[in-house]
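For reference, the structure discussed in these notes is given below.
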Amino acid sequence: MKQIELDDYVAVLAAQRKPYHASYFAMYSSLLGGVVTDPILMQLPLDDHLVHRGDGVFETCKCVTGAIYNLDAHLARLERSASAIGIHWNAGIGNIRDLSIQTARLARRPECCIRIILARGPGGFGVSPYESPVPALYIVAYKAPEPFMKTHPEGATLRRSTIPCKPSEFAGIKNCNYLPNVLMKRECVDWGVDFVVGYDASGFLAEGPTENMGIVTRQSELVFPRLENILAGTTMLRVVELAETMKADGQLKDIQFRDIAEQEVRSAAEVLVLNTTTYVAAVRSYEGQPIGDGKPGRVWRRLSELLDLDVRCNPAMRTMVCS
């Protein structure tokens, strides 16, 4: 084993470039006080409690045609999550907003994801949050996946996860301790399905590893789980707002947040999967059995149209970063 000296460090990193680095466009680090665009420089200190304790919160936004969609909703949730675990960014949420926009601009990609991470910060290898004198902020722009239904127009397959859901005290905090989510995603891949979903301790529908779930009943009701036991997804909440037009013109009878039993999922006319990068996906089968007629339904289709229009054309929801 050789000892790596400071003068050799960058050369060693440069020799380890990987193909997936091409998907990383820019990173801001408060420790550096600026942005790097070379992926080999996108490094975090090992003693940041984010790394060895998962002690931090985050948000992921999507930049579409040169504008970040729904940025302020993401930042509001970031602020709530940070407050819940006692992380305070002295410069304020407006500063994080400005830095996110600047990082997106330096990425020079009209289509990308923006990951905002507010961490406990460096300061030791113990478990006490008081080891870290000040928090750290990291913002990364990276390649965005295609919306799910663009690559899977036939719809998604869904199974019930075996991983216990987070208790309600933690479910609503978008924190970086993602081990349950990771294990759910592992099930998904190992089982060869598109998504998995968990159920809470009372047996009611909760959420996926990174997705919200909802159903359309055969009475044309759009229903999502109660917000007390899930992360209130920015896409889900925006879709609920957009769905009011469908309720107004009679395409939906009602929009509700309530407990959803598994039998209601099995017998639903439609099951929907939602998040920032997925947008709205239609489930064609649950536990191997068809949902509805086994094809994407009319409510999914209309909600997808409304959301796509909102993402691309609503100036109130778009923060321009590049032309």
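The values are calculated or read from the model by the stated rules, or taken from the named source; none is laboratory data. Since the model is a prediction, treat every value here as computed from it, not as a measurement. All Cβ positions, even for glycine, are placed from backbone atoms using ideal geometry, and neighbour counts span all protein chains on display.
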Please work out which one of (1) touching a strand residue (DSSP E or B) at 6+ places or on another chain (Cβ under 8 Å); (2) under 25 Å from ARG226 (Cβ atoms); (3) among the basic types (Lys, Arg) is the condition ARG120 fails and give its number. (2)
Failed item, numbered, when VAL189 is tested on (1) surrounded by fewer than 19 Cβ atoms within 10 Å (Cβ to Cβ); (2) under 16 Å from the mean Cα position of the chain (by Cα); (3) at pLDDT 95 or above: (2)
May I ask you to list the residues in segment 59-111 that are part of a loop (DSSP other than H, G, I, E, B) and either surrounded by 15 or more Cβ atoms within 10 Å (Cβ to Cβ) or of a type in the set (Ser, Thr, Tyr) (or both)? THR65, GLY66, ASN70, ILE85, ILE87, TRP89, ARG109
Candidates THR210, THR162 - the one that is of a type in the set (Ser, Thr, Tyr), farther than 21 Å from VAL280 by Cα and either modelled with pLDDT of 95 or more or not assigned by TED's automatic domain parsing to the domain that holds THR245 (or both): THR162
Every residue from segment 87-110 that is more than 20 Å from SER23 (Cβ to Cβ) and charged (D, E, K, R): ARG97, ASP98
Quick check on PRO145: is it assigned to a loop (DSSP other than H, G, I, E, B), surrounded by fewer than 19 Cβ atoms within 10 Å (Cβ to Cβ) and in contact (Cβ under 8 Å) with a residue 24 or more places away in the chain? yes
Only one of these is closer than 23 Å to LEU44 by Cβ and not assigned by TED's automatic domain parsing to the domain that holds CYS63: VAL134, VAL196, VAL182. Name it. VAL182
Consider ASN177 carefully, then state whether it is farther than 29 Å from LYS247 by Cα, part of a loop (DSSP other than H, G, I, E, B) and assigned by TED's automatic domain parsing to the domain that holds THR234. yes
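Could you identify the single residue in GLY124, GLY155 that is touching a residue at least 24 places away in the same chain (Cβ under 8 Å), on the phi > 0 side of the Ramachandran plot and crowded, with 19+ Cβ neighbours inside 10 Å?
GLY155
Where in segment 229-323 are the strands (runs of 3 or more DSSP E), entirely inside, with at least 3 residues that are without any contact (Cβ under 8 Å) to a residue 40 or more places away in the chain?
Here the list reads 254-257.
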For segment 198-228, how many residues meet the condition of being without any contact (Cβ under 8 Å) to a residue 60 or more places away in the chain, part of a strand (DSSP E or B) and either buried (at least 22 other Cβ atoms within 10 Å of the Cβ) or among the hydrophobic types (A, V, I, L, M, F, W, C) (or both)? 5
